[in-house]
Amino acid sequence: MANSVNKFWEETSPGKYERNVDELEQLYTTLAKMHEGTGHTFFAITACVTLTVPTTIGESLSYLEAQIEKALRHSWKQMRYDHPTLAAPVVYDPDTESCKKVYQTPQNASQVNDWLEETFKVIDKAQTGQEFANSDPPIGRFATLYLVTPPHDSHQSVMTKELVFHSPHDLIDGVGTLMLLDNLILVASEAFSSLSSQSEVVFGDESKNLSPHLRVAGNIPPTRDAAQEKKLQEIQSANTDARKDTEILTLPFNSVPEIAGNSTRIAINLSPTDTQAVLARCKALGVTPTHAFHAGIALALRDLQEKGQEERQARYIGYSLNNLRQSCEEPYNSPQHAAAVYHSASAHSLVIDVVIPAVGQSKIATKSLKEFELALNQVRDFYQSWKPDADFLSMVPFIATGKLPPYSPETGPVPPPDHSPSVSLSSMGVLDQIIKPQRGVFKVENPWVIGAEYRTGLGLFLSTWEGVLCLGAGYNDAYHSEDEVLRFLESVKNIVLAGLAV
């Protein structure tokens, strides 16, 4: 576990900066090492955004394409300066037998170009960003940006490019990635409008921008006080009791493969009309879309369980994933420190009690509405029962690594697949409040982010972009098919629409 006393970056040799990792960073580093034998990076962050630029009759498309690439290359270098933690991988130190982050300032233009060659890649094959992301390219040492060109229609009046961002999770989290993409597009738009007079990014003092870990950013004390420790023990006991003497809902999956395949993303959008109706009904009921869709997930998962001769009680157990930037001190609560891991799962388990109907038991509309109402109330009560205050922040280190095995620098056997998987939900919020839809010449469309899924479960992501709710899923193609996951997403959507009487 990280030594939380050493909170600051230290220059250990000219231009080389190091710091210990905290528990959240250690979590993702350890999980990645444990699953290294799969050839994939566990929980890696993948994000995508579409950029369009207007074209004019007679304009050289190849010249425009070159200008876009040049602007993005410049912006990516600026991101290295503004957010140097993107190039600060976690390494194992055999002398201290612990993990640490290491950042090396480029000493010359050649080193900058070497880094750029490694981390800025142009994909010439005509495919969408999601298609490329679903090919699950390997994760490098540093965060990597891919410039992807989707199939082009010669009659279109715009040029379309897609950016795919790929990074180890111990460098950045989902909300931080969205913030970073907005910063990137802003700088690229400014560079595009002034390429002829664009000055070069100069490295040397960017270490001032290195981000601390959450213990520093959130001012988390080294230890919990007696009251906080008692509260944590009570929460742990409640979480344990929630699993006793009851059937826990699990997600069916293909149990033949022993090794995970590619992490894959698929999504559905609600119509603008349905989105507005959902938002209005949620507001009237005093709940959020997150509450409604988490309730829908529990009931959709319930519908996948094998039915018996009699109806029976069962339980969905999940958690919430929480962006903690609003709990961090300035300036760590801002996009200035996008390249950081400032989030956590909840301490309490989300518990939703449901009834699995008997074989042949028909659905009754009024009963379905009542079931949704009961599930929705349980979700609402869970989300409103706690807040990211000092007590919660004190528990984050335990939530991250309390049950994690010690880090081993050796590549060991891959842990077996989880045979009782579930479905999680990450609520990303209103994305156009994080990424502006227009930055200079660049129109931004369809941003999304997921954590790579190499488990047997599903990771769902809920977001809104320009008035449209999107429900996406990360899944592993060794354990689930695209059709199966799409059916599940549609089931969740239909349950929510019916339950809210939309």
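The values are calculated or read from the model by the stated rules, or taken from the named source; none is laboratory data. Being a predicted model, the structure only gives us computed values, none of them experimental. Cβ placement follows ideal geometry from the backbone for every residue including glycine, while neighbour counts extend to all protein chains displayed.
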Completion exercise
In the range 231-257, anything surrounded by 10 or more Cβ atoms within 10 Å (Cβ to Cβ) and not in a helix (DSSP H, G or I) is listed as 243, 246, 247, 248, 249, 250, 251, 252, 253, 254, 255, 257
Fill in the blank from the handout: Within the range 25-82, restricting to residues that are closer than 17 Å to residue 152 by Cα and of a type in the set (D, E, K, R), the one that is farthest from the chain's Cα centre (by Cα) is 59
Exercise for the section: Could you please find all residues in the range 253-284 being closer than 27 Å to residue 475 by Cβ and charged (D, E, K, R)? Expected result: 258, 265, 274
Problem - Lone qualifier among 426, 463 - being out of contact with any helix residue (DSSP H, G or I) (no Cβ under 6 Å at 6 or more places or on another chain), of a type in the set (S, T, N, Q) and either part of a loop (DSSP other than H, G, I, E, B) or surrounded by 16 or more Cβ atoms within 10 Å (Cβ to Cβ) (or both) - result: 426
Problem - Residue check, residue 450 assigned to a helix (DSSP H, G or I) and in contact (Cβ under 8 Å) with a residue 40 or more places away in the chain - result: no
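Checking the condition closer than 19 Å to residue 121 by Cα, of a type in the set (Gly, Ala, Ser) and out of contact with any Lys or Arg (no Cβ under 7 Å at 6 or more places or on another chain), which residue from 62, 13 passes?
None of the other options fit; the residue is 62.
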Practice task
Return the residue satisfying two criteria in turn: it lies in the range 368-418 and is aromatic (Phe, Trp, Tyr) and closer than 29 Å to residue 33 by Cα, and of such residues it is farthest from the chain's Cα centre (by Cα).
Solution key: 407
Practice task
Look at the range 82-110 and say how many of its residues are in contact with a Cys (Cβ under 7 Å, 6 or more places away or on another chain) and either among the hydroxyl-bearing types (Ser, Thr, Tyr) or modelled with pLDDT under 95 (or both).
Solution key: 1
Practice task
Would you check if residue 226 is farther than 14 Å from residue 396 by Cα, over 27 Å from the mean Cα position of the chain (by Cα) and touching a residue at least 24 places away in the same chain (Cβ under 8 Å)?
Solution key: no
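One line per residue, one yes/no per condition, for (1) at pLDDT 95 or above; (2) in contact with a Ser or Thr (Cβ under 6 Å, 6 or more places away or on another chain):
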{"site": "119", "(1), (2)": "yes, yes"}
{"site": "125", "(1), (2)": "no, no"}
{"site": "131", "(1), (2)": "yes, no"}
{"site": "137", "(1), (2)": "yes, no"}
{"site": "152", "(1), (2)": "no, no"}
{"site": "156", "(1), (2)": "no, no"}
{"site": "167", "(1), (2)": "yes, no"}
{"site": "171", "(1), (2)": "yes, no"}
{"site": "180", "(1), (2)": "yes, no"}
Practice task
Confirm whether residue 478 is in contact (Cβ under 8 Å) with a residue 60 or more places away in the chain, part of a loop (DSSP other than H, G, I, E, B), of a type outside the set (Val, Ile, Thr) and on the phi > 0 side of the Ramachandran plot.
Solution key: no
Practice task
Please give the number of the condition residue 178 fails out of (1) under 20 Å from the mean Cα position of the chain (by Cα); (2) assigned to a loop (DSSP other than H, G, I, E, B).
Solution key: (2)
Handout entry: Test set (1) assigned to a strand (DSSP E or B); (2) without any contact (Cβ under 8 Å) to a residue 60 or more places away in the chain; (3) not aliphatic (A, V, I, L, M) - residue 432 fails condition number
Key = (1)
Practice task
Report the residue count in the range 392-423 for those that are part of a helix (DSSP H, G or I) and in contact with a Pro (Cβ under 8 Å, 6 or more places away or on another chain).
Solution key: 1
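Filtering the range 290-342 down to residues that are in a helix (DSSP H, G or I) and among the polar types (S, T, N, Q), which residue is surrounded by the most Cβ atoms within 10 Å (Cβ to Cβ)?
To start, the set of residues in the range 290-342 that are in a helix (DSSP H, G or I) comprises 290-302, 325-327, 335-337.
Next, from what is left, pick out any that are among the polar types (S, T, N, Q): 290, 326-327, 336.
Details: 290: 19, 326: 9, 327: 23, 336: 15.
Among those residues, the one meeting the criterion is 327.
When you look at residue 85, is it among the β-branched types (Val, Ile, Thr), more than 23 Å from the chain's Cα centre (by Cα) and either surrounded by 15 or more Cβ atoms within 10 Å (Cβ to Cβ) or in a loop (DSSP other than H, G, I, E, B) (or both), yes or no?
Against the criterion (among the β-branched types (Val, Ile, Thr), more than 23 Å from the chain's Cα centre (by Cα) and either surrounded by 15 or more Cβ atoms within 10 Å (Cβ to Cβ) or in a loop (DSSP other than H, G, I, E, B) (or both)), residue 85 does not qualify.
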Fill in the blank from the handout: Among 362, 320, the single one that is more than 30 Å from residue 82 (Cα to Cα) and modelled with pLDDT under 95 is 362
Handout entry: Residues of the range 381-391 classified as in contact with a Ser or Thr (Cβ under 8 Å, 6 or more places away or on another chain) and in a helix (DSSP H, G or I), total
Key = 2
Practice task
Looking at (1) farther than 28 Å from residue 334 by Cα; (2) of a type outside the set (A, V, I, L, M, F, W, C); (3) part of a loop (DSSP other than H, G, I, E, B), find the lone condition where residue 212 falls short.
Solution key: (1)
Practice task
Would you be able to say whether some residue in the range 99-121 is closer than 22 Å to residue 50 by Cβ, buried (at least 21 other Cβ atoms within 10 Å of the Cβ) and in contact (Cβ under 8 Å) with a residue 12 or more places away in the chain?
Solution key: yes
